[in-house]
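The values are calculated or read from the model by the stated rules, or taken from the named source; none is laboratory data. Model, not experiment: these values are computed from the prediction. Virtual Cβ from ideal backbone geometry, glycine too; neighbours counted across all protein chains shown. Just the protein is used for accessible areas: all its heavy atoms, side chains included, with ligands, DNA and RNA removed. Shrake-Rupley method; radii C 1.70, N 1.55, O 1.52, S 1.80 Å.
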Amino acid sequence: MERIALITGAYQGIGLETARQLGHKGFKVILADIQDCQSKAGQLKNEGIEAFSHYLDLAQGSTFDALVSFIDSNFGKLDVLVNNAAILIDMGKHLSDLSEEEFRRIMEVNYMGPMLLTRQLIPLLKKSEAGRIVNLSTQVAQLEQLSDMNSPLKEDICAGYQSSKIGVQAMTVLFAKELEPFGIKVNSCCPGWVDSAMNTDELPDYGDEARPKTVAEGADTSVWLATLDLDGPTAGFFTDRQRINW
């Protein structure tokens, strides 16, 4: 039986690697991004993966209909949704440093877009025998550490990004409650510090011994959550396949 996975933000980095790993597990993968993923899908096809590409702008809800229609008409269902796409444009900025335009854009792309897209895809996920939703989040948005004035992550300030990912955490547990009766598992994960496009020079100094993960390591927990068995968890927050606090 064919299995279909949609990965947003799949043009590069963790998103593309998540698509690759799911593809090698037998999924047909749809790479959705604001950038043209046709060549990326071609790379995966050369690896023996059935890959497709589709345009998606999470700040423009008008692009959702075409994507949902593409999945429905070609596959009739969706087994896995990985909400991977996000922007980080406010490194080092507190809430009072952000313009209204910056804050609204971050919230639209990182929270509102994924939430609204997920809502539209629920009917297709309900047609799966084992629907899974994976939301990419971050430990720098953990309320536990944000409220700890002695946290080692205290200087990791990106207030718009952090606020948007708190929204992602909320939508994770709310969708998990809503979709549990249909056997759909919904979880969040933090990939950790990964050598990707978000690994900017503006990040704090984590020490000489620290090293970023490879994209393969960063995608591992997303892929694990996307392929949970019937006894797997839901409404959880994970990193390195381990549950962590919200």
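Screening Ser62, Ser53 for residues that are of a type in the set (Ser, Thr, Tyr), buried (at least 19 other Cβ atoms within 10 Å of the Cβ) and without any contact (Cβ under 8 Å) to a residue 60 or more places away in the chain leaves exactly one candidate, Ser53.
Can you tell me which residues in segment 147-178 are touching an Asp or Glu at 6+ places or on another chain (Cβ under 7 Å) and outside any helix (DSSP H, G or I)?
Filtering segment 147-178 for residues touching an Asp or Glu at 6+ places or on another chain (Cβ under 7 Å) gives 158-161.
Passing the criteria: only Cys158.
Taking Ile87, is it under 16 Å from the mean Cα position of the chain (by Cα), under 27 Å from Pro212 (Cα atoms) and surrounded by fewer than 24 Cβ atoms within 10 Å (Cβ to Cβ)? Answer is yes for this residue. If I ask for residues that are open to solvent by 20 Å² or more (accessible area, probe 1.4 Å) and hydroxyl-bearing (Ser, Thr, Tyr), which ones from segment 1-27 would you list? Of everything in segment 1-27, just one residue is open to solvent by 20 Å² or more (accessible area, probe 1.4 Å) and hydroxyl-bearing (Ser, Thr, Tyr), namely Tyr11. Name the residues in segment 80-90 that are assigned to a strand (DSSP E or B) and among the β-branched types (Val, Ile, Thr), would you? Val80, Val82 - these are the residues of segment 80-90 that are assigned to a strand (DSSP E or B) and among the β-branched types (Val, Ile, Thr). Taking the conditions (1) in a helix (DSSP H, G or I); (2) closer than 23 Å to Ala219 by Cα; (3) touching a residue at least 12 places away in the same chain (Cβ under 8 Å) in turn, Glu144 satisfies each one other than (2). Can you spot a residue in segment 210-227 that is open to solvent by 80 Å² or more (accessible area, probe 1.4 Å), more than 25 Å from Gly113 (Cβ to Cβ), at pLDDT 95 or above and in contact with a Gly (Cβ under 8 Å, 6 or more places away or on another chain)? Within segment 210-227 (the criterion being open to solvent by 80 Å² or more (accessible area, probe 1.4 Å), more than 25 Å from Gly113 (Cβ to Cβ), at pLDDT 95 or above and in contact with a Gly (Cβ under 8 Å, 6 or more places away or on another chain)), the answer is no, since none of the residues qualifies.
Scanning segment 28-46 for residues that are within 19 Å of Phe75 (Cβ to Cβ) and either touching a residue at least 60 places away in the same chain (Cβ under 8 Å) or surrounded by fewer than 21 Cβ atoms within 10 Å (Cβ to Cβ) (or both) returns Lys28, Gln38, Lys45.
With respect to Val134, determine if the residue is within 16 Å of the chain's Cα centre (by Cα), closer than 26 Å to Leu81 by Cβ and at pLDDT below 95. Spelling it out, it is not the case that Val134 is within 16 Å of the chain's Cα centre (by Cα), closer than 26 Å to Leu81 by Cβ and at pLDDT below 95.
A single member of Ile122, Ile89 is aliphatic (A, V, I, L, M), touching a residue at least 12 places away in the same chain (Cβ under 8 Å) and in contact with a Cys (Cβ under 9 Å, 6 or more places away or on another chain), and it is Ile89. Does at least one position in segment 181-188 carry a residue that is touching a residue at least 40 places away in the same chain (Cβ under 8 Å), among the aromatic types (Phe, Trp, Tyr), part of a helix (DSSP H, G or I) and closer than 17 Å to Met115 by Cα? So far as segment 181-188 goes, no, none of its residues is touching a residue at least 40 places away in the same chain (Cβ under 8 Å), among the aromatic types (Phe, Trp, Tyr), part of a helix (DSSP H, G or I) and closer than 17 Å to Met115 by Cα. Only a single criterion out of (1) free of Cβ contacts under 8 Å to residues at least 40 places away in the same chain; (2) surrounded by 14 or more Cβ atoms within 10 Å (Cβ to Cβ); (3) hydroxyl-bearing (Ser, Thr, Tyr) is not satisfied by Ser99, namely (2). In this structure, does Val109 turn out to be modelled with pLDDT of 95 or more and either out of contact with any Pro (no Cβ under 8 Å at 6 or more places or on another chain) or in a helix (DSSP H, G or I) (or both)? Yes; evaluated as a whole, the condition is true for this residue.
Entry remark, segment 132-141: residues being open to solvent by less than 10 Å² (accessible area, probe 1.4 Å) and either within 19 Å of His94 (Cβ to Cβ) or in a helix (DSSP H, G or I) (or both) number 1 in total.
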